Amino acid sequence: MSGVLHRHPRLRLGLLLGPPMLWLGVAYLGALAALFITALWTADGFTGNIQREWTLDNFKDVFSLEVYRTITIRTLLTAVAVTVIDAALAFPVALYMAKVASPRAQRLLVIAILTPLWASYLVKAYAWRGMFSADGPIAWLADPFGLSTPGYGLVATVVTLAYLWLPYMILPMYAGLERLPNSLLEASADLGAGARVTLRRVVLPVLFPAVVAGSIFTFSLTLGDYIAVKIVGGTNQMLGNVIYDNVLTGNNLPFAAAVSTIPVVIMLVYLAAVRRTGALDNL
Amino acid sequence: MRKKRTLAGTAAFGLALALSLAACGTEDAGDDSSPDSASEGPGGFVPPDIAMADSLGDNEGTLSVLAWPGYAEDGSTDKAVDWVTPFEKQTGCDVSVKYFNTSDEAVTLMKSGQYDVVSASGDATLRLIAAGDVAPVNTDLIPNYADEYDFLKDRPWNSVGGQMYGVPHGYGANLLMYNTDVVKPAPTSWRAVFEDASTYSGKVTAYDSPIYIADAALYLMKTQPDLGIKDPYALDADQLAAAVDLLKAQKEHVGEYWSDYLKEISAFESGDSVVGTTWQVIVNYTKANVEAILPEEGATGWSDTWMISSKTEVPNCAYAWLNHIISPEANAAVAEWFGEAPANPKACDLTSEGFCDGYHAGDESYADQIHYWTTPIEQCLDGRTDVSCTTYQDWTQAWTEIKG
Amino acid sequence: MSSSAAVRLESVTKRFGAVTAVDGLDLEIRDGEFFSMLGPSGSGKTTVLRMIAGFEAPTSGKVFLDEQDVTKQAPFARNVNTVFQDYALFPHLDVVGNVEYGLAVKKVPRKQRRERAEEALASVQLSGFGARRPSQLSGGQRQRVALARALVNRPKVLLLDEPLGALDLKLRREMQLELKQLQREVGITFVFVTHDQEEALTMSDRIAVFNHGRVEQVAAPAQLYEAPASSFVAGFVGTSNLISGETARVVLGREGMFSIRPEKILLAGTDEAQGLRGRATGVIEAVVYLGSVNHYVVRLDEGGTLTVLRQNLHGTSDQKVGAEGDRVTLAWADEHVIDLNPPSASGNHQEEK
């Protein structure tokens, strides 16, 4: 047996790569293909049963109806806002962890950042619901200044999602900064650059792939989220809600499939754009 | 070059596999909807041929119940509110309960085949029957069925061609809840959440389901007779557009929509919502100064039916549950807890003083005033034949647009 | 002291927590010289370099560059540049981008800085490599880029922190000569940190030998080798035979500690030893064949061992001169006995030149 394998390297390679490729093909490409195909069918409006007749109506509706454009843009802007906020918040934290904190403090901070990931998503989202509520802490803090809580809406959604996904941005940034040798910072200073110039010319460019890695998380997780929006988003709906509503309440799986191609396309475009910067090479 | 070819090959393989998988996945549904029964339903559909039980055997074990919140209480919410435990003791069937929030959710969940019985409202029942997700029910095997009000039997939403698909459970109206500390004077009309919504802008709430369009249609039916709305579930395109406009105007003042009843409770308790549509059971749960009224325009409402899944493996426990839930004791307990009229008149002997009168139990003419949730279909339910009406799919689309 | 000091340290002490890395150091590096700081790891030489660069602040004492007190100045304000041990090239910039960095930061116009960068690359024989990424270069090439990146700024002093440590032996030898030549051409003061005594001897005008945060001796290479001021210097610079105690009394007839370089000890009876009186007898314990030379480890009858180095001038037959177990007589000239005992008048920590 081993002799046969030894004489036939192609067979060996096939046996080695076969199962993972099969898995990739079935679970990943297969699921995507199934999704796309489902989008070309329709659902019976009454029973919700899928009717296997080929039609582009779902895509026509998704791309021609204004409401889906509005929702897409809202979702996209939310994802961008969440990503930018997370990047801005994560950078100083990651910088402190990687370059300033003592090894002990570093460990504690990593634990502190990872701990919230253990808590249930729902618990955290509902905690923010409490924060933003009319009798919540934000209202209480804002009251003396004559302000009130922004209430449930896009602001609350962005804040909640930015909170939920922050660890996914901090960790790659921290790893990226850890890998950034101190000698690079010293070299920059040595060559005449102050802290700001070093930040701009060395730290940020070297960190860029890590930011991209983090942004893929924050961006795609936001694109797909529908729960936080439901909890703190007020009347707003995101693409995720449209998909959820069409699957669970609309009984219209094909239309949901058509809508869910939007975030898939957005992510593909995003990844292609990122690829051009070369950031993925260093991932 | 070789690498490219391999990739293409993998993709093609994946695609082929996906096609065959997808084909397998929908095979069942396709077969179910094939016409092989002669009787027609009100939507112009033919229910699939599904066997009905003709005798009962020993109870099997675990019963999975899909219910509206508050319909299957086991004492975990309130120790005194428990009609599941007695059932378990009597029948030996272990009950697991899943609550759903909208009729649409119930329809979707029933498609999974994981639930044995369901409490379905009128906007879900026919869809379940037509899709073959529920089985016809042999009422002879349910002793308590004989006691139920006759005007609830053989209705368009619970039977097809004279065959019952479940047992009536109870009926009630969607109410208007308001925070008594904030909303003054007390509202008497749905106007509070439509034209007057701006008074409590940002603190108005509404039910997050396309079926809520009927609430707007009902309000328009009473306030704008020119539109010619006779039945809030039979809207032609213009009438639907008018309802959508009303709801879009309302949306400006809505803080958030609710479908999860826990969310509405928390919103009223925190003061984020102060006025909006509700169910009596939510009023019972809410720990804040709230009150609920039946506004002068009347209301949409529900008439619920307990149904049995066509895929159940525990038919005996399922029949036992149906018999139990409409027993005078259980029916009375549910009715009082949820805030609806019981379907079994004997339950009225067990409810608190005046309860059944308050909910007009057995009052056929009052029951007719509630506009029970029904699935809007192309054939106008109000009998018009000169126009075609908007379907539930249209409503779903409209609802997405309203929320924007 | 001389007024032309490029770098001067005045009683500089650096402590890291409880550890004293540099202990009350006085040091003067002259303008235009190739100055090496030699010592074992942990002796404080790199810390001194980092204090000159400004990466570390002294716990006490002062640092002068060009006779100006820069103790409190940030690295970017000091007119020195560093070649790092790991080169510290910016991975996101190409070679030209790396070399230009200092000029770009100082807002030198693009055209001018491109010219100077090309010039600097040419001076390290890397013309035409400008568009490559550091990751595409060999170790030696990276080292040259690091050098060009520092030199392009025309610093007053160039600091080199064990820059050749990561290179293989052959390349290291080449780079040593190149560095020395480059230093002569540009005339910039080089401060070179190394733990390799051979490297220091090869390149330096003067060498400071560090031990435990103190300087043991500062001297030109030949003097350091021929006249080490302490047993540490004698031991660290080259191989040394230490003779002390009873052995010294019997063999040398003197009290104290002495050293004789292995190549200065001869085997009596060979051509080289003619005219020299035999001083000690012993048995060859081991013969280590090193190609061009042989090491003989001789156990003396008086106690202790001496290492003798002999060049292989006569081919294999010559090995008869000493085989393990042979009795041999050792000879040396009196002037090759180095007296390591501190003169009673002055300490041995002083500079001798």
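Nothing in this text is a laboratory measurement; each read-out follows from the coordinates by a stated rule. Just so you know, these numbers come straight off a predicted model, no measurement behind them. Counting neighbours? That spans all protein chains shown, and the Cβs are built from the backbone with ideal geometry, glycine included.
Give the residues of region C:70-110 whose amide nitrogen is closer than 13 Å to a point set 7 Å from the Cα of C:Thr20 in the direction of its Cβ. Nothing falls inside the zone, counting backbone N under 13 Å. Counting Cβ atoms of other protein chains within 10 Å of each residue's Cβ and taking the mean over peptide C:69-77 gives 3.
Taking a sphere under 15 Å around the Cβ of B:Trp190 and counting the other residues whose Cβ falls inside, with K and R at +1 and D and E at -1, yields a net charge of -3. Oblate is the label for region C:37-100, because the ratio a/c of its alpha-carbon gyration tensor axes (a ≥ b ≥ c) is 1.5 or higher and a/b is not greater than b/c.
Per-residue ellipticity at 222 nm computed for chain B from its helices equals -10500 deg cm²/dmol, with DSSP H segments shorter than 4 residues left out and the rest contributing -39,500 (n - 2.57).
When both region C:198-219 and region B:147-175 are represented by their alpha-carbon centers, they are found 103 Å apart.
If you plug the beta carbon distance of B:Asp357 and B:Ala186 into 1/(1 + (r/R0)^6) with R0 = 22 Å, you get a FRET efficiency near 0.50. Averaged over the residues of C:111-123, the number of partner chain Cβ atoms lying within 10 Å of the residue Cβ comes to 0.
Based on C-alpha pairs under 8 angstrom that are at least 6 apart in sequence, chain B has a relative contact order of 23 percent. Under 22 Å of direct C-alpha separation, and excluding same-chain neighbours fewer than eight residues apart, C:Lys180 reaches these lysines: C:Lys45, C:Lys156, C:Lys170, C:Lys353.
Label-to-label distance for B:Asp147 and B:Ser365 is 2.8 nm, based on points extended 7 Å past Cα in the beta-carbon direction. With the cut-off at under 12 Å, measuring from each backbone N in region B:310-325 to a point 7 Å along the Cα-to-Cβ line of B:Leu56 picks out B:315-325. If R0 is 30 Å, the Cβ-Cβ spacing of A:Arg104 and C:Ala77 corresponds to a FRET efficiency of close to 0.35.
Highest mean packing comes first when the peptides B:144-150, C:35-41, B:388-394 are listed by Cβ atoms within 10 Å, giving C:35-41, B:388-394, B:144-150. Cα centroid separation, region C:50-76 to region A:207-283: 53 Å. Among C:Thr270, C:Thr281, C:Thr82, which one moves the most in a GNM of chain C with springs linking Cα atoms closer than 10 Å? Greatest mean-square fluctuation among the candidates belongs to C:Thr270. Shielding value for C:78-86 is 3, the average number of Cβ atoms from other chains within 10 Å of each residue's Cβ.
Net charge of the neighbourhood of A:Thr218, taken over other residues with C-beta under 12 Å away and scored Lys/Arg +1, Asp/Glu -1, is -2. Counted over the protein assembly as shown, the DSSP beta bridges are approximately 70% antiparallel. In loop segments of region C:210-302 as defined by DSSP, the trypsin sites (Lys or Arg not before Pro) with at most 12 further C-beta atoms inside 10 Å of their C-beta are C:Arg277.
Taking each residue as 0.36 nm, the span from C:Glu246 to C:Asp196 lengthens on full extension beyond its C-alpha to C-alpha distance by 14.7 nm. Take every pair of alpha-carbon atoms less than 8 Å apart whose residues are at least six positions apart; their mean separation over the length of region A:128-283 yields a relative contact order of 23 percent. Spatial offset of region A:175-198 relative to region B:304-322 amounts to 70 Å, using the alpha carbon center of each.
Along the Cα-to-C-beta direction of A:Val155, a point sits 7 Å from the Cα; which residues of region A:238-257 have their amide N less than 16 Å from that point? No residues fall inside that zone. The simple Förster model, with R0 at 56 Å and r as the Cβ-Cβ distance, assigns A:Arg69 and C:Glu33 a FRET efficiency of 0.15.
Using the Cβ of C:Ala166 as centre and a radius below 14 Å, the other residues enclosed give a net charge of -2, where K and R count +1 and D and E count -1.
Once you order the gyration tensor axes a ≥ b ≥ c over the Cα atoms, which shape class does region C:5-231 get: rounded for a/c under 1.5, otherwise prolate or oblate by comparing a/b with b/c? Cα axes put region C:5-231 in the prolate bin.
Label separation (C:Glu67 vs A:Ala88): 5.2 nm, computed from points 7 Å beyond Cα along the C-beta direction. Where only DSSP H runs of four or more residues are counted, chain C gives -7000 deg cm²/dmol as its mean residue ellipticity at 222 nm, each run worth -39500 (n - 2.57).
Screening chain A for whole DSSP H helices of 30 Å or more along their axis (Cα) with average Kyte-Doolittle hydropathy at least -1.0 returns A:66-95, A:154-179, A:253-277. Shape class of the protein assembly as shown from the Cα gyration tensor (axes a ≥ b ≥ c, square roots of the eigenvalues): prolate, since a/c reaches 1.5 or more and a/b is larger than b/c.
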